[in-house]
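Worksheet: the structure to be examined is printed underneath.
The values are calculated or read from the model by the stated rules, or taken from the named source; none is laboratory data. Here the structure is a predicted model, which is why all the values come from computation and not from measurement. Backbone-built Cβ (ideal geometry, glycine too); neighbour counts: all protein chains shown.
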């Protein structure tokens, strides 16, 4: 009998999960609503792919654990290798961070290039099958009513198809049908945290004038409430640059060229405007809005069906200004990969253990990026949502860290920002003396 895992969604999270589970199942079926060909085109289902997508060190390491050949593939495709502490100019907390040779090497590339590199590796797996232009519209429970046994898929012509499987992955993203399905089938309302930030952003690809630059990216992170506009400029493949301008609470950049340039000129620091004022635009200016961050607590439901687990934005959707989304998704999939190694997917007891262990791991993975993002989001009085415990104290300590002249302290902070270390390690007593000394020395 052929054992099949069905993955709803061919996003980066879905593709990574396919690789993670390929050795556990005879057949891996990926169901993707978009039409996907070859190459590096932006999919209809990911309009945000036109904008800067950061792959943090922790996320890059996670993807490399699943795809050991990924760094080579990225470099061959033109991705830009970058020493973060030396080659990124970062304005945050109303301060330019010091630059030095550090240990964090990351890659800059467009989202379509990264997704293409991963997809081609997954396509090469002999037991993986792609079905495109089909949308998962429903799940079916088994006769006992506690385990998913099939999905109902809608095809472009409007006809439905029922596909049975042994295990299911929801990689349908922020708009997943799973929360509504759980409520409709008696599992209850999924508890959710919502943080309303009303972020709007605009992006385009650029060709910068020839110049000697000792940087590959400029980040301008606004500190509320006085600063409300920020941006990211990164060098990507084929000698191009990708610029994303962003603003909180309806201070959104426009799509016309003059307004776009004026918005760049209005940033808290002039460096972005100076870098792009004579640039040539290579693409349209594309807009996107992010009304709120969300965290779905599936583990807090009184019951959750066996045979299905959510990955990626289905679980949590974070403020894109901080570039955490892809990395959080990758870390989640690696956790599932590790846990699945000891799982017999035919055994209900094993599935119960997997479910509980996975949801416990997600809480640990999400804690740091969620807390880091909210620390910035709640600097604005207009932000709506539940504030994390000890927010003022945490923000005060992080301000002390960011003002430090100690490269050891800054490198530690970068490890946390890049999801290599947990944020709680920032508060260890052994570091407090270094924070104070570093601040006084400065």
Based on this model, can you work out whether residue 96 counts as loosely packed, with under 15 Cβ neighbours inside 10 Å, outside the structural domain of residue 178 (by TED's automatic domain parsing) and modelled with pLDDT of 95 or more? yes
Within the group 291, 268, 253, which residue is surrounded by fewer than 15 Cβ atoms within 10 Å (Cβ to Cβ) and either under 25 Å from the mean Cα position of the chain (by Cα) or not assigned by TED's automatic domain parsing to the domain that holds residue 316 (or both)? 291
Is it true that some residue in the stretch 382-390 is in contact with a helix residue (DSSP H, G or I) (Cβ under 6 Å, 6 or more places away or on another chain) and either modelled with pLDDT under 95 or closer than 30 Å to residue 340 by Cβ (or both)? yes
What do you reckon, is residue 374 in a loop (DSSP other than H, G, I, E, B) and under 22 Å from the mean Cα position of the chain (by Cα)? no
For residue 382, all conditions in the list (1) out of contact with any strand residue (DSSP E or B) (no Cβ under 8 Å at 6 or more places or on another chain); (2) under 23 Å from residue 247 (Cβ atoms); (3) not in a helix (DSSP H, G or I) hold save one; what is the number of the exception? (1)
Among residues of the stretch 385-420, those that are touching a residue at least 12 places away in the same chain (Cβ under 8 Å), out of contact with any strand residue (DSSP E or B) (no Cβ under 7 Å at 6 or more places or on another chain) and not in a helix (DSSP H, G or I), counted: 8
Within the stretch 123-144, identify whether any single residue is assigned to a helix (DSSP H, G or I), touching a strand residue (DSSP E or B) at 6+ places or on another chain (Cβ under 8 Å) and either more than 30 Å from residue 417 (Cα to Cα) or not assigned by TED's automatic domain parsing to the domain that holds residue 216 (or both), and answer yes or no. yes
Across the stretch 145-157, which residue is surrounded by the fewest Cβ atoms within 10 Å (Cβ to Cβ) among those that are touching a strand residue (DSSP E or B) at 6+ places or on another chain (Cβ under 7 Å) and without any contact (Cβ under 8 Å) to a residue 40 or more places away in the chain? 155
